[in-house]
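Inspection log for the structure reproduced underneath, given as structure tokens.
Taken together, the values in this text are just the output of simple stated rules run on the coordinates, not laboratory data. Keep in mind it's a predicted model, so treat the numbers as computed, not measured. Here the Cβ positions follow ideal geometry from the backbone for every residue, glycine too, while neighbour counts run over all protein chains shown.
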Amino acid sequence: MNQLLKQGKKFNNFVVTALLLMPLAAVMAGCSESGNTPGTVAQKTQKPVQQAISQPTVTAKEEKPQYAYTYNPVGRRDPFAPLIVKQETAAKLSDRPPLERYNLYEFKMMGVMWGGFGYNAVLEGPDGKGYFIRVGTVIGPNKGVVKKITQSSVVVEEKFKSISGEPERKETVIELRKKQEEIQ
């Protein structure tokens, strides 16, 4: 009985080692260059025979791939557009005061008044109405602020962000119309 147990243990050890070595053998067989057998390796080591160069022949036309990929942007968002976009609807523009509805270049300076409160300017909007402004008045859709009023001009400063994201300032000058311009 002892001999049978010893033989059983030996058999079990043999089976376990065989099962462990089988996957290793399979991996090693799969790692060969291209499944070459020893006979084919010898064939590859032989030097290739050089053939004589014949006269150049007309080459065939280069074949273009049958299926070239083309990008179709329909139904997709622009990858370069900002994710958060500040949009103003027509309703929001109509809620603004008249001085903030129109661009600065649409205003014409009609005159300047001065007194105890400093300089005040009269601007004519594109709607034909006159608007009184003073230093500190907000004007234009970019919320420019009137910084200075002189006898012949109004200086408006607008703040905006540059391409690099840094805040910048731009000064726009609205000059008094000359008499020659009024006649025409």
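Quote to one decimal, in nm, the extra length available between TYR67 and SER153 on full extension: 0.36 nm per residue of separation minus the C-alpha distance between them.
The TYR67-SER153 span can extend by a further 24.5 nm.
Annotation: the residues THR150, THR172, sorted from fewest to most other C-beta atoms within 10 Å of their own C-beta, follow the order THR150, THR172. Report note on the peptides 108-116, 162-170: ranked by the mean count of other C-beta atoms within 10 Å, highest first, their order is 108-116, 162-170. The Cβ shell under 13 Å around ILE149 holds other residues with a net charge of +1, Lys and Arg each +1, Asp and Glu each -1. For the residue pairs LYS129/LYS161; LYS148/LYS178; LYS108/LYS148; LYS129/LYS170, alpha carbon separations beyond 23 Å are given by LYS129/LYS161; LYS129/LYS170.
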